[in-house]
Amino acid sequence: MIDAGIGGSHVTRVRVYYEDTDAAGIVYYANYLKFAERARSELMRDIGDGQYRKMLAQGMHFVVRRCVVDYIGAARLDDLLEVHSRMLALRGATLSAEQIVRRAGEDLVTMKIDLACLGPDGRPARIPPDLRAALAPYAGDAVAS
């Protein structure tokens, strides 16, 4: 699901299952990173025309370089969450994203994530132009070459 507008966010819904929780029925802190990863994967899948699949077929991929997480509230068993993902900056070989996990409009966790694009040799590589173009609607004015 995509929120309209320039610099809009991509929204992925996630249901909290028993396996996501600790003994108290609260989402285990590290599982929010899994929810964010799923949401980024869904964003890449939803951008259309298979640009991300083409990138992977060329032996390129993204890796997390940095992640800063702020835990504000707790989700519980059976909650329906939304992970809102948007680009903060899109540069040559890197992108910075903000991801917010929400329950019924309430922010529970915020993340700032820096991703690096790596080529088949494991070295930094420029994000392919067609993928950059597909990601641009989620970046608004944050696109740089």
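Every number in this text was worked out from the coordinates using simple rules, so none of it is lab data. These numbers were taken from a predicted model, which means no experiment stands behind them. No Cβ is skipped: glycine too gets one built from the backbone with ideal geometry, and neighbour counts run over all protein chains shown.
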Rounded to whole Hz, the Karplus (6.51, -1.76, 1.60) HN-Hα couplings of the range 35-43, x for glycine and proline: 4, 5, 4, 4, 5, 5, 5, 5, 4
Using a Gaussian network model on the chain with a 10 Å cutoff between Cα atoms, which of Gly119, Gly73, Gly92 fluctuates the most? Gly73
Put +1 on the Cβ of each Lys and Arg and -1 on the Cβ of each Asp and Glu in the chain; which of Leu33, Gly50, Gly8 then has its Cα farthest toward the positive end of the dipole? Gly50
Run the helix sum for the chain: -39,500 (n - 2.57) per DSSP H stretch of 4+ residues, divided by residue count, reported at 222 nm to the nearest 500 deg cm²/dmol. -6000 deg cm²/dmol
What number, in percent, do you get for the relative contact order of the chain if the mean sequence gap of Cα pairs under 8 Å and at least 6 apart is divided by its residue count? 30 percent
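So if R0 is 30 Å, what FRET efficiency would Ala57 and Asp78 give, r being the distance between their Cβ atoms, rounded to the nearest 0.05?
In this case the efficiency is close to 0.20.
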Theoretical gain in end-to-end length, Asp107 to Ile26 [0.36 nm per residue, Cα-Cα removed]: 27.6 nm
Interchain or long-range residues, amide H under 5 Å from Leu81's placed H: Val14, Arg15, Val16
Protection proxy ranking of 108-115, 120-127 - average other beta-carbon atoms within 10 Å, highest first: 108-115, 120-127
Amide H proximity to Arg65 below 5 Å, modelled H, separation 5+ or other chain, gives Asp114, Leu115, Ala116
Can you list residues whose amide H is under 5 Å from Ala93's amide H, if they're 5+ apart or on another chain and H is modeled 1.01 Å from N? Ile127
For the chain, state what percent of all Cα-Cα pairs lands in each successive 5 Å bin, counting from 0 Å until the bin that includes the largest distance. 2, 10, 19, 22, 19, 13, 9, 5, 1, 0
Need one number: nm distance between label points at Arg45 and Ala93, each 7 Å from Cα along Cα→Cβ, rounded to one decimal. 2.9 nm
Work through the residues other than Phe62 whose Cβ is under 12 Å from its Cβ and net out their charges, Lys, Arg +1 and Asp, Glu -1. 0
